[in-house]
Amino acid sequence: MITVDAERGTALLLGTRLALTQPASRVVRAVLRATAHGAYEARIGGRPVSDAVLSPGWSSYEWRLQVQEYDVTHLIADVVGVEVLLGNGWWRGGLGFGGLNLDYGPSLGFIAELEVTYQDGTAQVLVTGPHWTARRSSIIENSLYDGVRIDARPPSDEQLTVRTVEFDRSTLVPQTKPAIIRHETLRAVRTWSSPSGKTLVDFGQNLVGWIRLRASGPAGTEITVRHAEVLEHGELATRPLRGARATDTFVLSGGPEDVFEPTLTFHGFRYAEITGHPGDLEAVVVHSDMSRTGTFECSNPLVNRLVENSVWGQRGNLLDLPTDCPQRDERLGWTGDIAVYAPAACYQFDCADVLHGWLLDLAVETEHSGYVPFVVPNVLKHAPVEARAKSEFMLGPTAIWGDAAVWVPESLWHAYGDRDRLAVHYPAMVRHLEGAEARLSPSGLWDTGFQFGDWLDPTAPPDRPQQAKADPGVVATACLYRSARFAAEAAGILGRNQDARRWRNLADRTRDAFVKHYVHDDGTVHSDAQTVYALAIHFGLLDGDLRQAAGDRLAALVREDGHRVATGFAGTPYVTWALTKTGHVDDAYRLLLQEQCPSWLYAVTMDATTIWERWDSLLPDGTVNPGEMTSFNHYALGAVVDWLYKSVAGIRPAEPGYRRILLQPTPGPGLDWAHGALDTPHGRITCGWRRQNTGYDVEISVPEGIEADVVLPDGTRHTVTGGTHDFRSAP
């Protein structure tokens, strides 16, 4: 690996030339393999080797450094010029919150080989080494959190010294996750002056990426672009960014036109404040390369916007890995968020590869720590000793966050049915369950140790997000049951029969302890909060009369709360499911369609275009929530859309990977029609219903050769194979 000693903020330009030993016309294949400690962009002959940006992405660098492979045959000439832009990326990113400023290493590095194969079977190979050149690029500051400074004036031609350094080559692994790429551009929908006289721009959509700017003017003229998700009092609201400056500065060259594109950073923003000549600008949307697979529409435009908010939230937070938020000084791979959101994510997009790649990092982090870290990759383990000491009480297995080791593979299994990948993910499930099992109290409950619990219950104070109505032991024990049950299923699928018995036994013991200690004879559950009923019902901890009594109590609580949301991270994904399963569809719909805060549609009425971290991230008077955690792009609470896709529209896998389909649409009050569509490996599935005076018209389409079980709203059942089918259902 080669490295260069230079200022921390400076992005480097590395280069070399290769004279071919045979004419370029005799080249049959040329491949560039590369990776970096940092973020790089490679060019051959002045042309990009791919559409990727921010390569190699973020992984658990200590053990897994992804290597990219590019077919560059079309770029080869008799003399091959290779140039690489190298910046900080996540490697030297100053990551974390609260001023941690965590790096993986003090120096950037790059390693590559260019292999050119000729018609006669011989090959010529170029590798990185001290013969490469290095100089400073026009990017003199680069930071994921703070932004970049690009000076388009001619840089110094000073040559920097390139050194070869040793590193652990066993960390090199083939790239698994899809590349990070540009997807689309958005033009401003409004430009105006703020009360303080600042030029503000609204792109109409909270997005993740950067602003591409074209401008001309005298050399040395500076244009500064600040980013934010919302406005407050008519000005850019930057307090939610905490320590992140999210500011790009562009210095003009004095030429006819400069084009600036800050590809060594990214921002979460809808609004921008421009100081200096604004030039011509557009927002570039950036995230992992994943295709949209699922859609949902209904008669209520606010619900449709909620779904699109979830889609945009996933786009912004799956930039190489599933993050909590894309804008402030954090942007970490929090495990709890994707644990609850994965089913919706796998419907909305084909995210099999990006989540599989992230789970490989989760597995290696879990192997070394002994439990599933709260964030993956776990950069927090590099925090100073004194900082880690403050949170020692939090270390160890936790429910939901740790359950990501089980719940994300579970979602991937149901969505894609890939047995080989399930086998790869299984060991991390085992480590999580063994860690949780060791924490059980003598009663068999998981009521010891630190728990996030029903994080961000809407009644929790802004500065105490863990202060929920739901007892954390109830939440954790219910989650353990779900995880043990799926681990038993996975073990059986993989032929690990002894393990299957072990996890079934743990699930049974956990269920018995839950019912014995937490469930009363009348079906009420300890702490009597919506979340505990939602988990107990949806996870299958209750049967028969107890289940129905719990459902009735949940519906009563929902009514007492005026059909406003009363759940946090733990309960929100499942409350409408639990109501539906126990015959309270009307209450589930009224909860969905509530517009007063806290509710899903409150944010929509406040012009949200992504899912918020808090139910009231923006208060009714338009001011920002005073809490320190106030993101406006935080998909976890949007997990309700999974119920829209699979219950309201009714598209579910009857077998893993949709090899067999269950179509069970569930109409309810407040919607006149709903329609869903999903692209699967077997073809496109659609299911929709429309209310008529005497019942419902239901229309479905099924891929050829695939069987579908159809359950109409009146309970009538049919089995169909392939094609389009129309049904009439009684009310």
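General remarks:
- Within segment 526-537, the set of residues being outside any helix (DSSP H, G or I) and either touching a Gly at 6+ places or on another chain (Cβ under 6 Å) or surrounded by 21 or more Cβ atoms within 10 Å (Cβ to Cβ) (or both) comprises just one member, ALA529.
- Selection status of PRO377, farther than 30 Å from VAL532 by Cα and either in contact with a helix residue (DSSP H, G or I) (Cβ under 7 Å, 6 or more places away or on another chain) or buried (at least 23 other Cβ atoms within 10 Å of the Cβ) (or both): yes
- Taking segment 267-383 and the helices (runs of 4 or more DSSP H) fully enclosed by it, the elements with 2 or more residues that are under 12 Å from the mean Cα position of the chain (by Cα) and either of a type outside the set (A, V, I, L, M, F, W, C) or over 24 Å from PRO174 (Cα atoms) (or both) are at 301-317, 335-348.
- Every pair of residues 6+ apart whose Cβ atoms lie under 8 Å, when the first sits in segment 69-87 and is under 15 Å from LEU54 (Cα atoms) while the second is aromatic (Phe, Trp, Tyr) and surrounded by 14 or more Cβ atoms within 10 Å (Cβ to Cβ): VAL84/TYR40; VAL84/PHE110; LEU85/TYR40; LEU86/TYR40; LEU86/PHE110; GLY87/TYR40
- Pairs with Cβ under 9 Å, 6+ apart, first in segment 664-676 and more than 20 Å from ALA344 (Cα to Cα), second of a type outside the set (S, T, N, Q) and assigned to a loop (DSSP other than H, G, I, E, B): TRP673/PRO667
- For segment 686-721, filtered to residues that are of a type in the set (Ser, Thr, Tyr) and in a strand (DSSP E or B), the residue that is nearest to SER299 (Cα to Cα) is TYR696.
- Candidates ALA468, ALA507 - the one that is of a type outside the set (Ser, Thr, Tyr) and either surrounded by fewer than 16 Cβ atoms within 10 Å (Cβ to Cβ) or farther than 18 Å from TRP401 by Cβ (or both): ALA507
- Here is the figure for segment 56-80: residues that are charged (D, E, K, R), assigned to a strand (DSSP E or B) and closer than 28 Å to GLY333 by Cα total 1.
- Identity of the residue in segment 224-235, acidic (Asp, Glu) and touching a residue at least 60 places away in the same chain (Cβ under 8 Å), that ends up surrounded by the most Cβ atoms within 10 Å (Cβ to Cβ): GLU229
- Yes/no for THR623 being of a type in the set (Val, Ile, Thr), surrounded by fewer than 17 Cβ atoms within 10 Å (Cβ to Cβ) and modelled with pLDDT under 95: no
Residues checked against (1) closer than 17 Å to PRO573 by Cα; (2) in contact with an Asp or Glu (Cβ under 6 Å, 6 or more places away or on another chain); (3) touching a residue at least 24 places away in the same chain (Cβ under 8 Å):
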| site | (1), (2), (3) |
| --- | --- |
| ASP457 | yes, no, yes |
| PRO462 | no, no, yes |
| VAL474 | yes, no, yes |
| ALA488 | no, no, no |
| GLN498 | no, no, no |
| ASN505 | no, no, no |
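- Summed over segment 21-55, the residues that are buried (at least 18 other Cβ atoms within 10 Å of the Cβ), assigned to a loop (DSSP other than H, G, I, E, B) and in contact with a Lys or Arg (Cβ under 9 Å, 6 or more places away or on another chain) give a count of 3.
- Filtered by the rule that a residue be part of a helix (DSSP H, G or I) and surrounded by fewer than 20 Cβ atoms within 10 Å (Cβ to Cβ), segment 394-430 gives MET394, HIS414, ARG419, ASP420, ARG421, ALA423, VAL424, PRO427, VAL430.
- Of the residues making up segment 17-54, those that are of a type in the set (Lys, Arg) and over 13 Å from VAL125 (Cα atoms) are ARG26, ARG43, ARG47.
- Just one of the numbered conditions (1) touching a Lys or Arg at 6+ places or on another chain (Cβ under 6 Å); (2) outside any helix (DSSP H, G or I); (3) under 20 Å from VAL519 (Cα atoms) is not true of LEU445: (1).
- Complete set of residues in segment 236-265 that are in contact (Cβ under 8 Å) with a residue 40 or more places away in the chain and closer than 21 Å to GLY98 by Cβ: ALA237, ARG239, PRO240, LEU241, ARG242, GLY243, ALA244, ARG245, ALA246, THR247, THR265
- For segment 538-556, a tally of residues being in a helix (DSSP H, G or I) and either surrounded by 18 or more Cβ atoms within 10 Å (Cβ to Cβ) or in contact with a strand residue (DSSP E or B) (Cβ under 7 Å, 6 or more places away or on another chain) (or both) returns 9.
- Of all residues in segment 359-393, exactly one satisfies the criterion of being among the β-branched types (Val, Ile, Thr), farther than 17 Å from PRO409 by Cα and touching a residue at least 12 places away in the same chain (Cβ under 8 Å), namely VAL379.
- Residues that are hydroxyl-bearing (Ser, Thr, Tyr) and either over 28 Å from ASP320 (Cβ atoms) or in a strand (DSSP E or B) (or both) were ranked within segment 114-155; the one that is nearest to the chain's Cα centre (by Cα) is SER143.
- Enumeration of residues in segment 186-223 that are hydroxyl-bearing (Ser, Thr, Tyr) and either assigned to a loop (DSSP other than H, G, I, E, B) or surrounded by 14 or more Cβ atoms within 10 Å (Cβ to Cβ) (or both): SER194, SER196, THR199, SER216, THR221
The values are calculated or read from the model by the stated rules, or taken from the named source; none is laboratory data. None of these values were measured; they are calculated from a predicted model. Note that each Cβ is placed from the backbone with ideal geometry, even for glycine, and that neighbours are counted across all protein chains shown.
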